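Only one structure is covered here, and it is reproduced in the block below.
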Amino acid sequence: MILYRPVGTKELALIAASGYTQFPPRLPEQPIFYPVLNETYTAEIASQWNVAYNEDHKGYVTRFELEEDYAGQFEVHVVGSSIHQELWVPADELERFNQHIIGTIQVICEFS
């Protein structure tokens with residue numbers, strides 16, 4: 001399954017430090033990791049939220065592949081219009097989630 005994730009510069013640096021193979025652990029106030037099911041919604045978040053609220057006013061769209069069988073255990077949540085689709089992964093599942101990423105996490109778009 002191809003998934004996307006909007007990230008800021010700090011999170012991207014942590015992804016890069018892993019060799020683009022892992023997403024960093026969630027902060028205590030972040031109980032859910034939410035990869036996004038389509039690039040359009042991810043770009044919307046990166047270009048509007050990340051650019052507006054990050055110190056350096058940059059946002060990035062990442063794309064990665066997750067093992068289909070593993071991804072199937074997570075519910076798809078629609079959080080707005082029909083394109084606003086996310087998988088909700090509990091934060092304590094993220095380490096295991098990272099083990100099911102196929103290949104590397106790619107940066108496909110940057111906004112500032």
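The values are calculated or read from the model by the stated rules, or taken from the named source; none is laboratory data. Quick caveat, the model's predicted, so the values are computed rather than measured. Positions of Cβ are backbone-derived with ideal geometry, glycine not excepted, and every protein chain shown enters the neighbour counts. Remember, those area values only see protein heavy atoms, side chains included, never the ligands or the DNA or RNA. Shrake-Rupley method; radii C 1.70, N 1.55, O 1.52, S 1.80 Å.
Across every direction, the projection of the convex hull enclosing the Cα atoms of the range 62-108 has a mean area of 3.9 nm². With a simple spin-label model that places each label point 7 Å from the Cα along the Cα-to-Cβ direction, the separation between Gln106 and Glu65 comes to 1.0 nm.
For Ile32, nonlocal amide neighbours, meaning residues 5 or more places apart or on other chains whose placed amide H falls under 5 Å from its own, are Ala91. Heavy-atom accessible surface of Leu27, to the nearest 10 Å², is about 90 Å², with a 1.4 Å probe and all protein chains retained. Each label point was placed 7 Å from the Cα along the Cα-to-Cβ direction; for Ile83 and Ile32 their separation is 2.0 nm.
Under a Cβ-Cβ cut-off of 12 Å, what is the net charge of the residues other than Arg63 that fall near it, where Lys and Arg count +1 and Asp and Glu count -1? Intermediate results must be reported in sequence, preceding the final value.
Values: positive: Arg5; negative: Glu39, Glu65.
Once positives and negatives cancel, what remains is -1.
Each principal axis of the Cα cloud of the range 1-45 was taken in turn, and the coordinate range along them, longest first, works out to 26, 25, 21 Å. Note on Glu39: accessible area is roughly 80 Å² with a 1.4 Å probe, heavy atoms of protein only. Its alpha carbons give the chain an Rg and a Dmax of 13.0, 38 Å. Asp56 contributes about 60 Å² of solvent-accessible surface, heavy atoms of the protein only, 1.4 Å probe.
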